[in-house]
Amino acid sequence: MENRSDEEGMLKEIRDREYRLSCTVYHKIKATEMKTNCFDANLKSKHYWSHRLYLNFQKSYPKKFIKSLHLMKLFNVPKINLNYIGRKNKCILNFLKSSLPDEVHELCMHTGTSSNIPICYYFKQILRINHKVLKKVSFIRFSIKRNQLMRLMVSFKHVKVFCLSFCKLSIPEPFDLSKSMQNTQIVRIDLYNTGGKLQSDWEHNQEEFKTLIESLATSPALKTTFKEIDLTNCGLTKSEARLVVQNNGFEVLQVQIIS
């Protein structure tokens with residue numbers, strides 16, 4: 001028992017040192033880059049749950065920071081935004097593979113590109129880290145195919161909020177979630193602007209929206225947990241959207257469209 005206690009104590013000390021070191025490295029690199037000694041306000045806050053780490057890859061400091069970690073876990077921070085990651089960012093792959101904390105409450109990946117880019121370059125690594133994201137996952141400005149969307153939903157079925165914003169979907173036919181979404185915790189799906197004119201264009205391609213809802217409806221578990229869907233700027237009226245979701249058995253699903 002004493003040996004086990006000693007091992008646990010050593011592991012805790014190692015994790016604490018990793019936390020302090022990576023935190024120090026981040027702030028030193030950013031302070032040098034931005035020519036300021038100020039910490040990020042949200043990382044300095046005493047309120048842990050408000051902490052959010054923004055890594056903006058338009059700047060050089062995020063790449064320097066990730067390289068400096070070199071296989072070391074990032075300090076614990078509940079919310080991580082990876083912004084302007086671009087089409088093929090090897091630094092992002094390395095970060096997800098080696099340095100993402102063991103638990104992240106929210107993870108957002110934003111390509112930052114003017115047009116959608118295929119998610120395929122990051123796809124395998126995203127699936128590998130699914131268990132680390134606990135509450136909300138967001139993908140912004142990606143092109144996502146039918147089978148990719150199905151695997152993403154299954155992999156992140158344990159989160160509360162599943163978000164696809166400004167994404168271009170390709171769902172020519174329904175996919176089956178009847179056996180793969182048991183014990184899902186998804187309460188809300190955000191599709192802000194994914195149905196917009198420059199994305200999936202559901203105003204003129206409403207069949208694809210119907211196919212998406214039909215696919216979600218194949219899961220008995222989702223029909224129990226799924227309570228809200230955000231369809232703001234998706235080319236649909238609230239009455240059109242409600243009709244589709246109700247026809248697929250989502251009687252209590254709230255449709256949100258903010259004008």
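Need the failing condition index for LEU127 against (1) of a type in the set (A, V, I, L, M, F, W, C); (2) surrounded by 19 or more Cβ atoms within 10 Å (Cβ to Cβ); (3) under 30 Å from ASP102 (Cα atoms), just the number.
In the conditions (1) of a type in the set (A, V, I, L, M, F, W, C); (2) surrounded by 19 or more Cβ atoms within 10 Å (Cβ to Cβ); (3) under 30 Å from ASP102 (Cα atoms), LEU127 misses (2) alone.
Let me confirm something: among LEU177, LEU198, which residue is at pLDDT 95 or above and among the aliphatic types (A, V, I, L, M)?
Sole residue among the options that is at pLDDT 95 or above and among the aliphatic types (A, V, I, L, M): LEU177.
Within the range 242-257, is there a residue that is out of contact with any helix residue (DSSP H, G or I) (no Cβ under 9 Å at 6 or more places or on another chain), at positive phi and surrounded by fewer than 20 Cβ atoms within 10 Å (Cβ to Cβ)?
Within the range 242-257, none of the residues are out of contact with any helix residue (DSSP H, G or I) (no Cβ under 9 Å at 6 or more places or on another chain), at positive phi and surrounded by fewer than 20 Cβ atoms within 10 Å (Cβ to Cβ).
Would a scan of the range 94-112 turn up a residue that is over 19 Å from LEU74 (Cα atoms), out of contact with any Pro (no Cβ under 6 Å at 6 or more places or on another chain) and in a loop (DSSP other than H, G, I, E, B)?
yes
If you check GLN254 against the conditions, is it in contact with an Asp or Glu (Cβ under 8 Å, 6 or more places away or on another chain) and over 19 Å from CYS167 (Cβ atoms)?
On the way: in contact with an Asp or Glu (Cβ under 8 Å, 6 or more places away or on another chain): yes; over 19 Å from CYS167 (Cβ atoms): yes.
For GLN254, the condition - in contact with an Asp or Glu (Cβ under 8 Å, 6 or more places away or on another chain) and over 19 Å from CYS167 (Cβ atoms) - is met.
Assuming SER215 fulfils every condition listed in (1) surrounded by 15 or more Cβ atoms within 10 Å (Cβ to Cβ); (2) part of a loop (DSSP other than H, G, I, E, B); (3) under 22 Å from the mean Cα position of the chain (by Cα); (4) polar (S, T, N, Q) apart from one, which condition is it?
Among (1) surrounded by 15 or more Cβ atoms within 10 Å (Cβ to Cβ); (2) part of a loop (DSSP other than H, G, I, E, B); (3) under 22 Å from the mean Cα position of the chain (by Cα); (4) polar (S, T, N, Q), the lone unmet condition for SER215 is (2).
Can you name the number of the only condition in (1) surrounded by fewer than 18 Cβ atoms within 10 Å (Cβ to Cβ); (2) within 13 Å of the chain's Cα centre (by Cα) that ASP201 fails?
Exception for ASP201: condition (2).
Which of the following residues is closer than 19 Å to LYS132 by Cα, out of contact with any Lys or Arg (no Cβ under 7 Å at 6 or more places or on another chain) and surrounded by fewer than 18 Cβ atoms within 10 Å (Cβ to Cβ): LYS90, LYS97?
Only one candidate qualifies: LYS97.
Hey, any hits in the range 142-154 for a residue that's within 19 Å of LEU55 (Cβ to Cβ), buried (at least 21 other Cβ atoms within 10 Å of the Cβ) and under 12 Å from the mean Cα position of the chain (by Cα)? Spell out how you get there, then give the answer.
Filtering the range 142-154 down to residues within 19 Å of LEU55 (Cβ to Cβ) leaves 142.
From the residues that got through so far, the ones that are buried (at least 21 other Cβ atoms within 10 Å of the Cβ) too are 142.
Within this subset, residues satisfying the condition of being under 12 Å from the mean Cα position of the chain (by Cα) are 142.
Scanning the range 142-154, I find at least one residue that is within 19 Å of LEU55 (Cβ to Cβ), buried (at least 21 other Cβ atoms within 10 Å of the Cβ) and under 12 Å from the mean Cα position of the chain (by Cα), so the answer is yes.
The values are calculated or read from the model by the stated rules, or taken from the named source; none is laboratory data. All figures in this text were calculated on a predicted structure; none of them were measured in a lab. No Cβ is skipped: glycine too gets one built from the backbone with ideal geometry, and neighbour counts run over all protein chains shown.
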